[in-house]
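These notes are about the structure you will find just below.
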Amino acid sequence: VLYRKWRPSKFSNIVGQEPIIQTLTQAIATNRTSHAYLLCGPRGTGKTSTARILAKALNCTMRPPGIGDPCGACLNCSAIETGRFIDVIEVDAASNRRIEEMRELREKVRFSPTTGKYKVYIIDEVHQLTDAASEAFLKTLEEPPPQTVFILATTEPHKLSATILSRCQRFDFRKISGADMASQLKEIASQEEVEIPSEVLRMISQTAKGSLRDGTNVLEQLITSYGSSIRVENAR
């Protein structure tokens, strides 16, 4: 799947979110990280990718001092990339939204990291937690264990309680501009050895409405349907 194959692996690969990336890389480089981050914005704009890269940077063993980007090559970075790193725990709040799951999380949070420097919890679609589960999770945010970082991601931050919002550093992701998306899709097509006119890239960018994941999926559909040479009439 193209969007997975081309998922960013470093901060420098994130498209269209320059102010956020600058702040996060500076925080990592100067050891001024927070215990809780809130990444919010439209789907397909890089929230989960950024969360995983942040987890890498926090646990990277080969990142030089003063550098905010993970190396991407050490054992920890490789394990996080493939989902095998025991100290990075991804939770889908849409299917783990009850108070029982949050109580279980609170119990596990007490344990120190096993192999990494930080234990990182990435909680996706955090707005879907029930009110009771949110209250239980809030207690963990209020008294975070040392060397534990929470990264919350949501498309609907207005549904979160003010108390949870106040405990997090908030980053608002914007829709990917047409120019940025067309440039990234052109790069992907080039690497995949696919000929594609600029007009088609523009059409895909308009259809995707700011979601790079959607744009990449449309590109993949075109490649699947028409092969390595895509014409304007194919895209229409």
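The values are calculated or read from the model by the stated rules, or taken from the named source; none is laboratory data. Predicted model, so just to flag it, every value in this text is computed and none were measured. Cβ placement follows ideal geometry from the backbone for every residue including glycine, while neighbour counts extend to all protein chains displayed. Ligands, DNA and RNA are stripped out before the accessible areas are found, and what is left, the full protein with its side chains, is counted by its heavy atoms. Shrake-Rupley method; radii C 1.70, N 1.55, O 1.52, S 1.80 Å.
Some points to look at:
- Residue within the stretch 157-172 that is out of contact with any helix residue (DSSP H, G or I) (no Cβ under 9 Å at 6 or more places or on another chain) and within 23 Å of GLY227 (Cβ to Cβ) present: no
- Reported count of residues in the stretch 202-236, each being out of contact with any Gly (no Cβ under 8 Å at 6 or more places or on another chain) and among the basic types (Lys, Arg), is 3.
- Of the residues making up the stretch 182-205, those that are aliphatic (A, V, I, L, M), more than 20 Å from ARG7 (Cα to Cα) and part of a helix (DSSP H, G or I) number 2.
- As for the stretch 113-121, it holds no residue that is over 21 Å from the mean Cα position of the chain (by Cα), surrounded by fewer than 19 Cβ atoms within 10 Å (Cβ to Cβ) and under 28 Å from GLY41 (Cβ atoms).
- Restricting the stretch 16-28 to residues that are more than 10 Å from ASP69 (Cα to Cα) and crowded, with 20+ Cβ neighbours inside 10 Å, the residue that is modelled with the lowest pLDDT: GLY16
- Positions within the stretch 212-236 being buried (at least 18 other Cβ atoms within 10 Å of the Cβ) and polar (S, T, N, Q), in sequence order: THR216
Conditions (1) within 15 Å of THR148 (Cα to Cα); (2) basic (Lys, Arg), marked per residue:
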{"position": "THR30", "(1), (2)": "no, no"}
{"position": "LEU39", "(1), (2)": "no, no"}
{"position": "PRO42", "(1), (2)": "no, no"}
{"position": "ASN59", "(1), (2)": "yes, no"}
{"position": "ILE67", "(1), (2)": "no, no"}
{"position": "PRO70", "(1), (2)": "no, no"}
{"position": "CYS77", "(1), (2)": "no, no"}
{"position": "ASP92", "(1), (2)": "no, no"}
{"position": "ARG98", "(1), (2)": "no, yes"}
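- The set of residues in the stretch 60-86 that are under 17 Å from the mean Cα position of the chain (by Cα), among the β-branched types (Val, Ile, Thr) and either farther than 17 Å from ARG4 by Cα or open to solvent by 20 Å² or more (accessible area, probe 1.4 Å) (or both) contains only THR82.
- Listed by first and then second residue, the pairs with beta-carbon distance under 9 Å, at least 6 apart or on different chains, first residue in the stretch 140-164 and farther than 22 Å from THR48 by Cα, second of a type in the set (A, V, I, L, M) and in a helix (DSSP H, G or I), are PRO145/VAL109; THR163/LEU138; THR163/LEU141.
- A single entry from THR25, THR61 fulfils the requirement of being without any contact (Cβ under 8 Å) to a residue 60 or more places away in the chain and either assigned to a helix (DSSP H, G or I) or acidic (Asp, Glu) (or both): THR25.
- Test result for GLU187, farther than 19 Å from GLY41 by Cβ and open to solvent by 90 Å² or more (accessible area, probe 1.4 Å): no
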